[in-house]
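Values quoted throughout were computed directly from the atomic coordinates according to the rules given, and no laboratory measurement underlies them. These numbers come from a predicted model, not from an experiment.
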């Protein structure tokens, strides 16, 4: 009976560790997927840019650009979510309630602006991408 109790206790402890590890892995996967999605949206927003309104020099928490096709794109951090809008429409969230965004920075490189580095921290994980403009 004692041996059976020890075996059951060991099995329960192992099952708990497996479940806890699975939840941790799922959260890491969610953060990675959302971070990659945000980076792809930043790259899209910075592709085909004709005019950069913000940031012009240095760093800003707002990205505001106009593309060659006339599309305007704005990206900002609002209440822990990264939001984007096109052509002065409504801001739509790029991140979900599953993650918490604690920082968003856009840094202009060169003078005049020759590229922009977009950096963010999502649920403690840093994400960054640099897009250079064609001259």
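Once C-alpha pairs closer than 8 Å and six or more residues apart are averaged by separation and normalised to the residue number of segment 2-132, the relative contact order reads 19 percent. Rounded to the nearest 10 degrees, the angle from helix 2-45 to the longest Cα principal axis of the chain is 10 degrees. Dividing the summed helix terms, -39500 (n - 2.57) for each DSSP H run of n ≥ 4, by the number of residues in the chain produces a 222 nm estimate of -12000 deg cm²/dmol to the nearest 500.
Oblate is the label for segment 67-135. Its Cα gyration tensor axes, ordered a ≥ b ≥ c, give a/c of at least 1.5 and b/c at or above a/b.
The structure shown yields mean projected area of the Cα convex hull in nm², and of the options (1) 10.3; (2) 8.8; (3) 8.0 that calculated value carries the label (1).
Largest GNM mean-square fluctuation across 13, 45, 108, computed for the chain with C-alpha springs under 10 Å, falls on 13.
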